[in-house]
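Remarks on the structure that follows.
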Amino acid sequence: MGDFRLVTPDIRDAERLQGLPADWTAGAETTLDGIPFRQRRRWLLVGNAVNVRAAAWLGERLAHSAPWDGEEGRPLQAGEAWPAAAWFDGATRRAADVGSWPVAANREPLADFLAHPGAPLSVRATAGFLGRLLTGSLRQKPGFAAALQAHLARLNSITAQPDRRAA
């Protein structure tokens, strides 16, 4: 079973996950008119970015396209649920037997990839995610919901303790 540390990654690791160099958005900390650029804006830039590796892969395929030489797919029946991949030639809708992962890539575990310490996932974020996880139909690794519950209990116990500095 995995580590299940629940953190918000450091912005530099988030940039790296998108395929950008660490601190790629650091230059955006001041706007052209001299107004400070809040940290939140860096997260917006990273969150709205297109992953560099995915964009490069798509661009290469578009630049060097070739006619499809695989199976044409099976015709979809009327009322049949739309599959993960399909196409329409103007007359017939066909299911394509391809998956969501067109390329198998070796990836290091996230815990090994992260180079900077993250911040513990907040009470609000943990509770919201846990609620959606328990009421939804997401597949999950065994122990993940329990790890979320334990993280939330730890955070709640920390915030419930009286401030000892005042004593």
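For the range 64-115, give me each residue that is in a strand (DSSP E or B) and touching a residue at least 12 places away in the same chain (Cβ under 8 Å). Break it down into steps so the answer makes sense when it comes.
As a first pass, look at the range 64-115 and keep what is in a strand (DSSP E or B): 74-75, 86-88, 93-95.
Passing the criteria: ARG74, PRO75, ALA86, TRP87, ARG93, ARG94, ALA95.
One residue is enough: does the range 42-50 have a residue meeting the conditions at pLDDT 90 or above, closer than 25 Å to LEU148 by Cα, out of contact with any helix residue (DSSP H, G or I) (no Cβ under 6 Å at 6 or more places or on another chain) and surrounded by fewer than 10 Cβ atoms within 10 Å (Cβ to Cβ)?
yes
Could you say whether any residue in the range 41-54 is small (Gly, Ala, Ser), over 30 Å from ARG5 (Cβ atoms) and within 19 Å of the chain's Cα centre (by Cα)? Write out each step before concluding.
Going through the range 41-54, the residues small (Gly, Ala, Ser) turn out to be 47, 49, 54.
Going one step further and asking which of them are over 30 Å from ARG5 (Cβ atoms), we end up with none.
Taking every residue of the range 41-54 in turn, none turns out to be small (Gly, Ala, Ser), over 30 Å from ARG5 (Cβ atoms) and within 19 Å of the chain's Cα centre (by Cα).
How many residues, within the range 101-139, are more than 19 Å from ALA150 (Cβ to Cβ) and among the small types (Gly, Ala, Ser)?
Qualifying residue count for the region: 5.
Could you tell me how many of the residues in the range 96-117 are surrounded by 15 or more Cβ atoms within 10 Å (Cβ to Cβ) and either at pLDDT 90 or above or on the phi > 0 side of the Ramachandran plot (or both)?
Initially, the range 96-117 is screened for residues surrounded by 15 or more Cβ atoms within 10 Å (Cβ to Cβ), giving 96, 114.
Now drop any that are not either at pLDDT 90 or above or on the phi > 0 side of the Ramachandran plot (or both), which leaves 114.
Count: 1.
If I ask for residues that are basic (Lys, Arg) and modelled with pLDDT of 85 or more, which ones from the range 1-41 would you list?
So the first thing to find is which residues in the range 1-41 are basic (Lys, Arg), and the list is 5, 12, 16, 38, 40-41.
Matches in the range 1-41: ARG12, ARG16.
The values are calculated or read from the model by the stated rules, or taken from the named source; none is laboratory data. Remember, it's a predicted structure, so these values are computed and weren't measured experimentally. Note that each Cβ is placed from the backbone with ideal geometry, even for glycine, and that neighbours are counted across all protein chains shown.
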